[in-house]
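The values are calculated or read from the model by the stated rules, or taken from the named source; none is laboratory data. Computed from a predicted model, the values in this text were never measured in an experiment. Using ideal geometry, Cβ is built from the backbone for each residue, glycine included, and neighbour counts are taken over all protein chains shown. Side chains included, ligands, DNA and RNA excluded: accessible areas come from the protein's heavy atoms. Shrake-Rupley method; radii C 1.70, N 1.55, O 1.52, S 1.80 Å.
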Amino acid sequence: MIDRTAAIPPAAPRARRQRHPLAIGLSAVVAAIVLLPVLTLAGIALSGTGEDWPHLVNFVLPRAATTTLWLMTLVALGTATIGVTTAWLVVAYDFPLRRMLAWALVLPLAVPPYLAAYAFGEFFHFTGPVQTAIRDMFGFATTRDYWFPDIRSTTGAAIVLSAVLFPYVYLTTRVVFIMQGRNVADVARTLGARPGKVFRKVLLPISRPAIAAGVALVLMETLNDIGASEYLGVRTLTLSVFSTWLNRGSLEGAAQIAMIMLVIVFALLMAEQWARRRQRYHAMRATQMKAKPPRVRLTGIKGALAMLAAALPVAAGFGIPLYVFGDYASRRLQQFADPALMRALTNSILTATATAVITILIALVLIQAARLARSHLVTGLTRFAMVGYALPGTVMGLGLLFALARFDNALDAVMRDAFGVSTGLLLTGSAAAVVLVCSIRFLALAEGSIRSGLEKLPPNIDEAARSLGRTPGQSARAVILPLLGPAVLTAAVLVFVDTIKELSATILLRPFGFNTLATHVYENASRGRPEDGAVAALLIIVTSLIPVVLLSRALARDREAMM
């Protein structure tokens, strides 16, 4: 009798998963630094006596929370309406200037909300061009002769924020409409459904996850805003954090309000993840993409109305700020030689460059650590390290301010006891603190861009270098890093520009007398003279156009590939 088991070769031993303690340690350190401001604020909020809590509950939170939720509701409705409508117009219909408007609808992203608020406030002011034209047209002399809506209100703030934040919804829904919308709508129309019913019954349901994801990003930006809300007189939770701490002198109360903001942020993150989990796309073959139904051509009055509907959001979100600040700057050309503006420009460039370099290096280290370890622990720590982008700048700034103050005080005490030397405040109130908070906030931008570039490469591209005896670090530098050049450059540009625009955390952490372009504009607006910050505002907008142009080119390439 033949022993069949003898013919079966012994099973190869299962390869052990390599442990990389250095990768785990680096990921844990970065995640701890990102979470440090949040943990510090939580400790402050829970360690106080609670004597300010009755005042907050009775006088601060009801009004601030109600105003914030109402503002977020209006902004969500506004951005969803504008974003979905414009996305469907440029994808499904052909009308005059459609190609130009398809990429121009991204331009409002170049305008930070606080700049849009200053521009709208001037544009619709009593002495602005709109009310001046109304008085000249109808012969009115004073505001008692006619009624005009007040832009300095919650509704006005919602209009301003919607005008510059709707591209988030436009971009997410446009992708869905390009991939599926026109085919599905064409099938529904062949079955006799009218355009309005097709939009309500077919297109809105399939784009609902994308709309939810875009609106979640919009609401996080709304919660993060402070410049627009303060200038327009809207008392939100973010503004209440500042006023409770600075005006009432209650650090505990400010931390407690910040914790409430964090609850809202995590609720938005959960909603966004839930929406993405339900989002599914069906891949189409190349022949199917080429066979996509033609756009419906609109001519005459319908074409003019479609063009107007797509052009108005661009004019509001990008045209008004460019007109207002361009007009003011043209009458203040001497500001280009202003030493204060040049210092602010230099500080902005240095801060943004340092932040870009730090975030790129950390992102590369985290990605390489995740590749080497292939561990759920490292992956989870890396995900935690990315949460800073979702947290409001006010929360991050306030938490980091007191975390650094505690570190500086502890170090000073140790140095006094050991060497009799006082080190003072080394990090608190320094430019390094501004760079640190921006690095924490924008690390996710760098990591996402580089990871996206890495996913386009073959998974084992550096195995050949390792087989020749090179270490993982050497193979990464020799093989992977050169191929990631475009992705690294894109990540650096995105981080650089977002750092240039950052305001809420910089206000809290900057040293005395240290101004960036954003705080330079903010200070002039706080004094009631936003026109004096016009040149700085234009510099911010022009700088912010760089990633918008890159994004527009990417959209154009996607359109050519899929249409």
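Worth pointing out:
- Contour excess over end-to-end distance, with Cα ends at Ala315 and His125 and 0.36 nm allotted per residue: 66.6 nm
- A Förster radius of 30 Å, combined with the Cβ-Cβ distance separating Asp94 from Arg208, puts the computed FRET efficiency at roughly 0.70.
- Near-label residues of the range 229-262 by backbone N, under 11 Å of a point 7 Å along Cα→Cβ of Phe59: 248
- On the basis of the beta-carbon distance and an R0 of 60 Å, Val365 and Tyr146 show a calculated FRET efficiency of 0.45.
- The H on the amide N of Asp94, modeled in the peptide plane, is under 5 Å from the matching H of Val296, Arg297, Leu298, each at least 5 residues off or on a different chain.
- Normalised by 2.2 N^0.38 Å, where N is the number of residues, the alpha-carbon radius of gyration of the range 357-446 equals 1.34.
- Ligands, DNA and RNA left out, the accessible area of the range 373-432 computed with a 1.4 Å probe is 67% carbon and sulfur.
- Note: the range 479-555, Cα convex hull, 122 Å³ per residue.
- Full-extension gain in nm, Arg295 to Val421, via 0.36 nm per residue minus C-alpha separation: 37.9 nm
- Linear extension gain, Phe384 paired with Leu350, 0.36 nm per residue minus alpha-carbon span: 9.5 nm
- Protection proxy ranking, peptides 69-76, 424-431, 109-116, average beta carbon neighbours within 10 Å, highest first: 109-116, 69-76, 424-431
- Stokes-Einstein diffusion for the range 318-373, with the hydrodynamic radius set to the Kirkwood value over Cα pairs and evaluated at 4 °C in a medium of 1.567 mPa s, equals 89 µm²/s.
- Distance between the 7 Å Cα→Cβ label points at Leu246 and Met259: 2.4 nm.
- In this label model, Ala405 and Ile546 are separated by 3.5 nm, measuring between points 7 Å along each Cα→Cβ vector.
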